[in-house]
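Below is one structure; the comments refer to it alone.
The values are calculated or read from the model by the stated rules, or taken from the named source; none is laboratory data. Please read all numbers here as calculations on a predicted model, not as lab measurements. Here Cβ is always computed from backbone atoms with ideal geometry, including for glycine, and neighbour counts include all displayed protein chains. For accessibility, only protein heavy atoms count, side chains too; no ligands or nucleic acids. Shrake-Rupley method; radii C 1.70, N 1.55, O 1.52, S 1.80 Å.
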Amino acid sequence: MKVIIIGAGGQGKVVLDILRVEKRCEVMGFIDNSLSMRGSVIQGVPVIGDLSVLPELVSNDIKGAIVAIGDNKTRAKTAEAVVKAGLKLINAIHPTAIISPDTRMGVNNVIAAGAIICTDVCIGNNVIINTGAIIEHENIIEDNVHISPGSKLGGQVTVKKGAHIGIGSTLIQNITVYEYSIVGAGAVVLEDVPAGTTVVGIPAKGIKR
Ligand SMILES: CC(C)(COP(=O)(O)OP(=O)(O)OC[C@H]1O[C@@H](n2cnc3c(N)ncnc32)[C@H](O)[C@@H]1OP(=O)(O)O)[C@@H](O)C(=O)NCCC(=O)NCCS
């Protein structure tokens, strides 16, 4: 299937790399709203234009897309625009990720190299499970979440919509991280994180509301 990647920044490069090793799709180009990216070529793949070109691409036999934007809200909003334009959202799953066969997963998800997803995990849409992250048994990872590289989530953790789990953080079992909250890099989370809160440190404590 011919596909495009929306977002030509760092996350876009990561997704291109995954799709190339997966070998399921042919990446025809990047879409990026930034004027400075226009006309550039990234690792041999051209930046075709901004979101306004999507309808034209659909008529040119491009069937699929994946949104590679780090910001959780922007990624979700952009995914809606892609579907409206008539493209099918795909997942990018690195072959070195270990994923239990009973994992339930939506679309527009990126599972990066070396991630481990244990049994009975449910992952929504527009989720990034980044390099080397560990998702233990019975986690629920809702839509638009980003689990950063090297973070570790114990059993029965729930990460609600739009939350960001920072690089190298650890969440003990049975924690819920509520909507649009942020767990700082390296934090150790021992209790639930309320919605819209940023927590940092060991043990993790709130810094702002
Ligand atoms: C938690 C975080 C979001 C806070 O960012 P911010 O809102 O801009 O906060 P600030 O940088 O102004 O820091 C506020 C205070 O928290 C402290 N702080 C920030 N991040 C911290 C962290 N991860 N651990 C411990 N303390 C931290 C700062 O030192 C500062 O303390 P001070 O008030 O005593 O000076 C950010 O530092 C972070 O950890 N982001 C995660 C990044 C990540 O995982 N990236 C991976 C992408 S793939």
Problem - Entries in 73/161; 77/160; 88/152; 63/161; 23/88 that, when Cα-Cα distance is taken, lie over 20 Å - result: 88/152; 63/161
Problem - Estimated distance in nm for a label pair at residue 58 and residue 34, the labels positioned 7 Å out from Cα along Cα-to-Cβ - result: 2.7
Practice task
For residue 13, list the aspartates and glutamates whose Cα falls under 16 Å from its own Cα; do not include residues on the same chain fewer than 8 positions away.
Solution key: 22, 26, 32, 71
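May I ask you to give the percent of accessible area on the chain that is carbon plus sulfur, with a probe radius of 1.4 Å?
Carbon-and-sulfur percentage of accessible area, whole number: 57.
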Exercise for the section: Among 129, 66, 48, determine the one that fluctuates most according to a GNM of the chain built with springs between C-alpha atoms less than 10 Å apart. Expected result: 48
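Quick one: length gained pulling residue 195 to residue 74 fully straight, 0.36 nm per residue minus the C-alpha distance? Write out the running numbers ahead of the final one.
Working: separation 121, 0.36 × 121 = 43.56 nm, distance 1.85 nm.
So the extension gain works out to 41.7 nm.
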Completion exercise
Between the alpha carbon centres of segment 177-209 and segment 4-69 the gap in Å comes to 33
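Looking at the square roots a ≥ b ≥ c of the eigenvalues of the Cα gyration tensor of segment 161-209, which shape do they give, rounded for a/c under 1.5, prolate if a/b is larger than b/c, or oblate? Show your work: numbers first, answer last.
Values: a/c = 1.39, a/b = 1.20, b/c = 1.15.
Rounded shape, in that the Cα axes give a/c under 1.5.
Normalising by the residue count of the chain, find the relative contact order in percent from Cα pairs under 8 Å and 6+ residues apart. If you can, show how the numbers build up before the last one.
Details: 617 pairs, mean separation 23.1, N = 209.
Here the relative contact order equals 11 percent.
Whole number in Å², please: accessible area per residue of the chain, 1.4 Å probe, ligands, DNA and RNA not counted. Can you show the working numbers first?
Numbers: 9300 Å² over 209 residues.
Value for the chain: 44 Å² per residue.
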Completion exercise
The alpha-carbon center of segment 84-98 and that of segment 137-165 are separated, in whole Å, by 18
Problem - DSSP beta bridge pairing in the chain, given as percent antiparallel to the nearest 5 - result: 10
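Mean residue ellipticity at 222 nm from the helices of the chain, using -39,500 (n - 2.57) per DSSP H segment of n ≥ 4 over the full residue count, to the nearest 500 deg cm²/dmol? It would help to have the intermediate numbers written out before the result.
Working: 3 runs with 32 residues, N = 209.
Mean residue ellipticity, 222 nm, calculated: -4500 deg cm²/dmol.
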Problem - Cα shape, the chain, gyration tensor, a/c 1.5 rule - result: prolate
Problem - Cα gyration tensor category, rounded, prolate or oblate, for segment 12-66 with a/c compared to 1.5 - result: oblate
Problem - Pairwise FRET efficiency - residue 1 versus residue 120, Cβ, R0 = 45 Å, nearest 0.05 - result: 0.90
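Pull out the extension gain between residue 103 and residue 24, defined as 0.36 nm times the separation in residues minus the alpha carbon to alpha carbon distance; nm, one decimal. If you can, show how the numbers build up before the last one.
On the way: separation 79, 0.36 × 79 = 28.44 nm, distance 1.99 nm.
Here the answer is 26.5 nm.
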